[in-house]
Amino acid sequence: MSFLTSIKNWKNFNAIWAAIQPYVAKLAQKQVPITIRKLYENLAKYSQPAIDSLFKLKNKIKESSSSLDDFCFEQGVSAIEQFAKYLLDTVKELRK
C-alpha cells in the first residue's frame, strides 16, 4: 500500500469516525453506567457474605468471647479494612 493510499484511507476513516462518533458516545453513555452498576453488584455480592459473617461473629463474641473468635474477628476486619484502603488509594490515584 502506497503512502498516498494510506493517507486517503486515514482521511476516509476520520470522516467515518466523525460521522458515527456522536452515536458511539450516546451508546457509551447508555451502556457504561449499566456495566459499572454490575461491577458494583458483583463486588457487593462477593464481599457481603464475609461482612455478614463478621457481624454474626461479633454478636457471638458479645455473648461468649473466646480467644479464637476474637482472633478470627480481628483478622477478618483487618482484611476488609486493607481492601477498603486499597480501593480508596486506587480511587485517589485514578482521580489524579
Yes/no for SER65 being open to solvent by less than 80 Å² (accessible area, probe 1.4 Å) and modelled with pLDDT of 90 or more: no
Verdict on PHE71 being modelled with pLDDT of 95 or more, of a type in the set (Phe, Trp, Tyr) and surrounded by 10 or more Cβ atoms within 10 Å (Cβ to Cβ): yes
Residue in segment 2-20 that is touching a helix residue (DSSP H, G or I) at 6+ places or on another chain (Cβ under 8 Å) and open to solvent by less than 100 Å² (accessible area, probe 1.4 Å) present: no
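The values are calculated or read from the model by the stated rules, or taken from the named source; none is laboratory data. Keep in mind it's a predicted model, so treat the numbers as computed, not measured. Don't worry about glycine lacking a Cβ; one is built from the backbone with ideal geometry, like all the others, and counts go over all protein chains shown. Accessible surface areas use protein heavy atoms only, side chains included; no ligands, DNA or RNA. Shrake-Rupley method; radii C 1.70, N 1.55, O 1.52, S 1.80 Å.
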